[in-house]
Amino acid sequence: MVASLNIRSGPGAGNKVVGAINDKGSYTITDIQNSSWGRLKSGAGWINCSSTYCKRVGDAAAGSTAANGGSYQVKVSATDLNIRTGPGTNYSKNGVTGKGVFTITETRACTGSVSGWGKLKSGVGWISLDYATRV
C-alpha cells in the first residue's frame, strides 16, 4: 500500500488530480470503470483500485445497481467467459459465453475479479467484468 492515493476527476491516470486520500481506511466504491478505477461514494472522484493501492475487504451487503440507476451494456472480449450462479469464483459455473454485447443490471465487488462482477439481464448469472468494457 502507498502512503497517499490521488483522487482524480475521472476514471484514469490522465484525468486531473482533485484531491488525495492520506489516511488508511475503508472507502465505498459505487462504480468500477477502465478495469480498476473506482468512483468514491462520497462523490469526491475516482481512485485506482488495483491491488497495488487498495485491498478489497468484502462484498457490499446488498450489492449495487448500475451507476445510472438502471442497467448498462458491456462488450465482452473473451471467447470463453464463465457465467457463474453468483458474483464470485466461489460460485458454481452456470455456463459459458463468448464475445458480444451484454446488459448488466447489478455490479458487485467479489472474489476473483479486479473489476467486479456483473449480473446479466437475461438472469442466466454473473460474469467477471475483467473481460468486458462498458459501451
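Would you confirm, using the coordinates I've provided, whether Tyr72 is over 15 Å from the mean Cα position of the chain (by Cα) and modelled with pLDDT under 90? Steps first, answer last, please.
On the way: over 15 Å from the mean Cα position of the chain (by Cα): no; modelled with pLDDT under 90: yes.
No.
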State the number of residues belonging to the range 89-135 that are outside any strand (DSSP E or B) and among the aliphatic types (A, V, I, L, M). 5
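Any residue at all in the range 125-133 that's of a type in the set (A, V, I, L, M), in contact with a helix residue (DSSP H, G or I) (Cβ under 9 Å, 6 or more places away or on another chain) and crowded, with 16+ Cβ neighbours inside 10 Å?
Checked against the condition, which is being of a type in the set (A, V, I, L, M), in contact with a helix residue (DSSP H, G or I) (Cβ under 9 Å, 6 or more places away or on another chain) and crowded, with 16+ Cβ neighbours inside 10 Å, the range 125-133 yields no hits at all.
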Name the single residue, out of those in the range 30-42 being over 18 Å from Thr133 (Cα atoms) and not basic (Lys, Arg), that is modelled with the highest pLDDT. Leu40
Over the range 77-88, the set of residues surrounded by fewer than 15 Cβ atoms within 10 Å (Cβ to Cβ) and either at pLDDT 90 or above or touching a Gly at 6+ places or on another chain (Cβ under 8 Å) (or both) is Thr79, Asp80, Thr85
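If you go through the range 10-17 one residue at a time, do you hit one that is modelled with pLDDT of 75 or more, charged (D, E, K, R), touching a strand residue (DSSP E or B) at 6+ places or on another chain (Cβ under 6 Å) and not assigned by TED's automatic domain parsing to the domain that holds Gly88? First the steps, then the outcome.
Initial filter on the range 10-17 (modelled with pLDDT of 75 or more): 10-17.
Still in the running and charged (D, E, K, R): 16.
This time we only want the ones that are touching a strand residue (DSSP E or B) at 6+ places or on another chain (Cβ under 6 Å), so: none.
Scanning the range 10-17, I find no residue that is modelled with pLDDT of 75 or more, charged (D, E, K, R), touching a strand residue (DSSP E or B) at 6+ places or on another chain (Cβ under 6 Å) and not assigned by TED's automatic domain parsing to the domain that holds Gly88, so the answer is no.
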Taking the condition of being surrounded by fewer than 19 Cβ atoms within 10 Å (Cβ to Cβ) and in contact (Cβ under 8 Å) with a residue 60 or more places away in the chain, how many residues in the range 89-120 meet it? 1
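The values are calculated or read from the model by the stated rules, or taken from the named source; none is laboratory data. None of these values were measured; they are calculated from a predicted model. When we count neighbours, we look across all protein chains shown, and the Cβ atoms used for this are built from the backbone with ideal geometry, even at glycine.
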